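Take a look at the structure set out below.
Please treat every number below as a calculation from the coordinates, not as lab data. Since the model is a prediction, treat every value here as computed from it, not as a measurement. Here the Cβ is made from the backbone with ideal geometry for all residues, glycine too, and neighbour counts use every protein chain on show.
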Amino acid sequence: MLPLVFSSKLNSDQRDELESLMFFHPEQNQHTSSINASIASYGFPKIIDEGGALRIGIEGLEVQTLYAFVDRGNTQDLAGVLVYTRVHGDTLVLLHMAVRPEFCYSTGYKNELVLARILSQMRAIAKRINGIKKLSILYVDKEIPRALI
């Protein structure tokens with residue numbers, strides 16, 4: 001299994017990778033309605049550079065970014081990104097998610113389950129946040145509303 005490392009930090013020299021993943025993903029047309037629903041409800045994501053580290057921001061909303069990297073020893077390749085926020089006091093809602101095409105189930109490492117592992121990491125984070133009891137995920141043209149964690 002690919003060794004994944006998770007972080008909320010991404011170096012600014014990886015901006016092109018992040019832009020490509022978030023805004024020019026070759027499979028995003030398959031999820032247009034979910035992406036548009038998230039943007040309509042929460043706002044448009046943008047890349048923010050803060051002191052050499054990149055994060056995703058949405059105007060008027062406090063969001064968190066989780067990055068997944070494939071650990072290759074001396075380097076870490078960006079494999080995926082999740083953008084989420086807290087709502088209703090007890091719920092984390094996943095606003096945007098993307099996995100590099102070569103790590104997608106449909107085209108690349110089918111047995112690596114990269115997206116499932118990133119979502120599992122988000123669930124683990126949710127369990128550590130005081131008061132969070134549910135996750136909400138916009139996915140495949142429908143919302144998975146407030147699943148218990």
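General remarks:
- Farthest positive-ward along the chain dipole, Cα basis, beta-carbon charges - from Ser33, Met97, Ala124: Ala124
- Within the chain, percent of DSSP bridges classed antiparallel, to nearest 5: 90
- Secondary-structure-derived ellipticity at 222 nm for the chain, considering helices only, amounts to -7000 deg cm²/dmol, per-run term -39500 (n - 2.57) for DSSP H runs with n ≥ 4.
- Total charge dipole magnitude, region 4-148, about the Cα centre, Cβ charges on Lys, Arg, Asp, Glu only, Debye to nearest 20: 720
- Cα→Cβ-extended label distance, 7 Å offset, between Gln30 and Arg72, nm: 2.4
- Pair Asp49, His88: separation of 7 Å Cα→Cβ label points (nm): 3.9
- Added length on full extension, which subtracts the Cα-Cα distance from 0.36 nm per residue, Ser7 to Glu102: 32.2 nm
- Label separation (Glu62 vs Gln121): 2.3 nm, computed from points 7 Å beyond Cα along the C-beta direction.
- The ranking of Ile47, Ile129 from fewest to most other beta carbons within 10 Å of each one's beta carbon is Ile129, Ile47.
- Between region 67-104 and region 18-35, the Cα center-to-center distance that results, in Å: 14
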